[in-house]
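*Asks:* One structure, pasted below without further comment.
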Amino acid sequence: MGIVVQKFGGSSLDGPKKIKNVARRVIECSKAGNQVVTVVSALGDTTDKLIELGTQVAECQSRREMDMLLSTGEQVSIALLAMAIKDMGYEVISLTGAQAGILTDKTHTKAKIIEINPERLSKELDEGKIVITAGFQGITNDNEITTLGRGGSDITAVAISAALRADVCEIFTDVEGVYTTDPRMIPEARKLAVVTYDEMLELASLGAGVLQPRSVEFAKIHNVILHVRSSFNHRDGTIVREDRYMDNNCQMEKDVVVTGVAYDLNTARIGLFDVPDRPGVAHGIFTALSRENINVDMIVQGAMRNGRNDISFTAASEDIEKVLEIMKPLTETIGISKITCDRDVSKVSIVGAGMITNPGVAAAMFEALAEEEINIHMISTSEIKVSCIINKGETERAVASIHKKFNLDKTDQYFLGRIK
Ligand code: ADP
Ligand code: ASP
Ligand code: MG
């Protein structure tokens with residue numbers, strides 16, 4: 001007998017038929033002799049609809065009230081799933097984030113879990129009940145309801161798994177696992193058997209929406225093994241863990257060049273022209289942005305001419321208004337001649353633990369883009385990834401071409417994903 005934490009996303013809970021399907025899945029796990037905690041998201045696109053409603057009644061959002069509103073989505077799900085399970089004859093209890101002991105900081109709409117007090121969860125499990133917990137929400141130590149940011153139910157599931165020392169955290173979703181790229185965009189994408197935490201963290205941060213990046217970080221820190229799989233069939237999904245090789249059949253790490261291709265449509269590029277080339281200027285610009293919690297991504301500074309140079313950087317699309325607002329007064333004080341903003345861009349990236357030891361990986365990515373006559377606006381690299389900013393309209397073609405270039409569409413070449 002083990003402890004299993006399961007998480008079902010909104011797409012797995014869209015309507016009564018799917019809720020009953022989830023109920024059967026949960027019961028199955030319990031009947032196999034496990035203690036089960038199931039974490040659920042809001043049904044279908046409920047969270048999007050609630051956000052839309054909120055913006056329709058008020059121009060200026062109160063973050064506290066937004067949390068009050070958004071947390072209702074998951075509360076509907078826990079009650080409905082618990083009702084369905086009870087109706088099938090099993091002992092079950094639903095718990096909100098607060099009842100499940102999920103303590104967060106006070107940052108409304110983007111709260112971080114500080115601590116989980118698993119007493120209530122353990123008590124209910126020990127009484128033989130299946131526990132259904134609301135994902136995405138928690139409570140502050142002064143009893144304010146908070147939410148964890150979009151996709152936050154993944155974080156709840158991993159955090160509960162860590163607190164209960166669960167044997168596995170199963171993430172059920174509408175695809176069969178983690179693929180070499182988004183299978184909804186590229187049908188040739190292949191399901192990966194195992195992905196390391198580091199690779200998954202990069203893929204998720206670079207746009208692979210199948211897991212929330214912070215949940216992967218949390219899983220790595222607490223060594224929680226994730227199994228990403230489908231809610232609609234029983235096939236094995238993808239295991240996310242520290243090491244790719246745990247059996248005798250082990251292949252050499254160096255053989256894995258590129259694990260996957262990710263894309264992010266939610267990015268925009270800011271250009272600053274004729275920035276004075278003197279110490280402290282970059283510090284001034286990026287400190288002003290970080291003070292307002294703006295996460296700046298790629299930064300490129302061009303060659304100096306006449307004591308000036310150009311700087312461009314990217315940030316999430318939803319932060320761009322705020323970036324422009326912050327930059328306006330700064331341009332005058334610093335003496336920048338022009339600011340441009342391009343929202344019509346996307347970021348495509350390759351990720352792979354074996355990239356660092358394989359020269360020519362970045363060049364092959366650029367070749368794939370060149371073959372499609374796709375222009376690269378910005379490039380950034382790290383040990384485990386290469387990212388390019390391109391025109392948004394060319395994203396699908398870019399991902400398809402890069403995916404093919406690294407042979408990611410060929411099952412038998414997974415471990416030997418050499419460049420063509
Ligand atoms: P849930 O509602 O279960 O939380 P999400 O929509 O958050 O589901 O995540 C699943 C989606 O992630 C898939 O439908 C798929 O389109 C997208 N996705 C993007 N990149 C990948 C990838 N590399 N592997 C699998 N799915 C991906
Ligand atoms: N319902 C929330 C969202 O849509 C949390 C989640 O689904 O993980 O972002
Ligand atoms: Mg999700």
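*Asks:* Any residue at all in the range 272-291 that is of a type outside the set (D, E, K, R), under 28 Å from Ala208 (Cα atoms) and surrounded by 16 or more Cβ atoms within 10 Å (Cβ to Cβ)?
*Replies:* Yes, the range 272-291 has at least one match.
*Asks:* Against the conditions (1) touching a Pro at 6+ places or on another chain (Cβ under 7 Å); (2) more than 20 Å from Val300 (Cβ to Cβ), where does Gly393 fall short? Just the number, please.
*Replies:* Condition (1) is where Gly393 drops out.
Yes/no matrix, rows are residues, columns are (1) crowded, with 20+ Cβ neighbours inside 10 Å; (2) more than 13 Å from ligand 3 (Cβ to nearest atom):
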| site | (1), (2) |
| --- | --- |
| Ile3 | no, yes |
| Ser12 | yes, no |
| Glu28 | no, yes |
| Gln35 | yes, yes |
| Val39 | yes, no |
| Gly44 | no, no |
| Leu50 | no, yes |
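*Asks:* Now for a separate question. Return a yes/no flag: does the range 302-309 have any residue that is buried (at least 18 other Cβ atoms within 10 Å of the Cβ) and over 19 Å from Lys110 (Cα atoms).
*Replies:* No, there is no match, as no residue in the range 302-309 is buried (at least 18 other Cβ atoms within 10 Å of the Cβ) and over 19 Å from Lys110 (Cα atoms).
*Asks:* A further question follows. Can you go through Glu199, Glu217 and tell me which one is in a helix (DSSP H, G or I) and within 16 Å of ligand 3 (Cβ to nearest atom)?
*Replies:* On the way: Glu199 fails: within 16 Å of ligand 3 (Cβ to nearest atom).
Just a single option satisfies the conditions, and that option is Glu217.
*Asks:* Of the residues that make up the range 251-270, is at least one modelled with pLDDT under 90, assigned to a loop (DSSP other than H, G, I, E, B), within 29 Å of the chain's Cα centre (by Cα) and not hydrophobic (A, V, I, L, M, F, W, C)? I'd like the intermediate steps shown before the answer.
*Replies:* Initially, the range 251-270 is screened for residues modelled with pLDDT under 90, giving 251-257.
Checking the rest, the ones that are also assigned to a loop (DSSP other than H, G, I, E, B) come to 251-252, 256-257.
Going one step further and asking which of them are within 29 Å of the chain's Cα centre (by Cα), we end up with 251-252, 256-257.
Adding the requirement that they be not hydrophobic (A, V, I, L, M, F, W, C) leaves 251.
Looking for residues that are modelled with pLDDT under 90, assigned to a loop (DSSP other than H, G, I, E, B), within 29 Å of the chain's Cα centre (by Cα) and not hydrophobic (A, V, I, L, M, F, W, C), one finds at least one in the range 251-270, hence yes.
*Asks:* Of all residues in the range 69-82, which are away from ligand 2 (no atom under 14 Å from the Cβ) and out of contact with any strand residue (DSSP E or B) (no Cβ under 6 Å at 6 or more places or on another chain)?
*Replies:* Leu80
*Asks:* Out of curiosity, is Ala204 modelled with pLDDT of 95 or more, among the small types (Gly, Ala, Ser) and outside any loop (DSSP other than H, G, I, E, B)?
*Replies:* It is true that Ala204 is modelled with pLDDT of 95 or more, among the small types (Gly, Ala, Ser) and outside any loop (DSSP other than H, G, I, E, B).
Residue by residue, here is whether (1) touching a Ser or Thr at 6+ places or on another chain (Cβ under 9 Å); (2) in contact (Cβ under 8 Å) with a residue 40 or more places away in the chain; (3) more than 25 Å from Gln212 (Cα to Cα) holds:
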site: Asp67; (1), (2), (3): yes, yes, no
site: Gln75; (1), (2), (3): yes, yes, no
site: Leu81; (1), (2), (3): yes, yes, no
site: Ala84; (1), (2), (3): no, yes, yes
site: Gln99; (1), (2), (3): yes, no, no
site: Thr104; (1), (2), (3): yes, yes, no
site: Thr107; (1), (2), (3): yes, no, no
site: Ser122; (1), (2), (3): no, yes, yes
site: Leu125; (1), (2), (3): no, yes, yes
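*Asks:* May I ask you to list the residues in the range 126-167 that are among the charged types (D, E, K, R) and within 13 Å of ligand 2 (Cβ to nearest atom)?
*Replies:* Going residue by residue through the range 126-167, those that are among the charged types (D, E, K, R) are 126-127, 129, 142, 144, 150, 154, 165, 167.
Scanning the range 126-167 gives Arg150, Asp154.
*Asks:* Go through the range 320-344 and give me each residue that's closer than 19 Å to Asn391 by Cα and either under 23 Å from the mean Cα position of the chain (by Cα) or without any contact (Cβ under 8 Å) to a residue 60 or more places away in the chain (or both).
*Replies:* Ile320, Arg343, Asp344, listed by residue number.
*Asks:* I need the strands (runs of 3 or more DSSP E) fully contained in the range 80-192, keeping only those with at least 2 residues that are crowded, with 24+ Cβ neighbours inside 10 Å, within 16 Å of ligand 1 (Cβ to nearest atom) and on the phi < 0 side of the Ramachandran plot. Spell out the reasoning first.
*Replies:* Values: elements: 92-95, 102-104, 113-116, 130-134, 137-139, 145-147, 168-173.
Ranges flagged: 130-134, 168-173.
*Asks:* Just to be sure I understand the filter: pairs with C-beta atoms under 6 Å, separated by 6 or more residues or on different chains, first member in the range 232-249 and charged (D, E, K, R), second member in a strand (DSSP E or B) and modelled with pLDDT of 70 or more. Which pairs pass?
*Replies:* These pairs meet every condition: Arg244/Val194; Arg244/Thr196.
*Asks:* Another question, if that's okay. List the residue pairs whose Cβ atoms are under 9 Å apart, where the first residue sits in the range 173-198 and is without any contact (Cβ under 8 Å) to a residue 12 or more places away in the chain, the second is more than 9 Å from ligand 1 (Cβ to nearest atom), and the two are 6 or more positions apart or on different chains.
*Replies:* Listed pairs, sorted by first residue: Pro183/Arg190.
*Asks:* Follow-up question, since we're still on this one. Report, by residue number, each residue of the range 3-38 that is over 15 Å from Ile85 (Cα atoms), in a helix (DSSP H, G or I) and not polar (S, T, N, Q).
*Replies:* The one that is over 15 Å from Ile85 (Cα atoms), in a helix (DSSP H, G or I) and not polar (S, T, N, Q): Gly10.
*Asks:* I need the full set of residues from the range 44-62 which are more than 9 Å from ligand 2 (Cβ to nearest atom), on the phi < 0 side of the Ramachandran plot and in a loop (DSSP other than H, G, I, E, B), in order please.
*Replies:* Ala58, Glu59, Cys60, Gln61, Ser62
The values are calculated or read from the model by the stated rules, or taken from the named source; none is laboratory data. In this text the structure is predicted, and so the values were computed from the model without any measurement. Don't worry about glycine lacking a Cβ; one is built from the backbone with ideal geometry, like all the others, and counts go over all protein chains shown.
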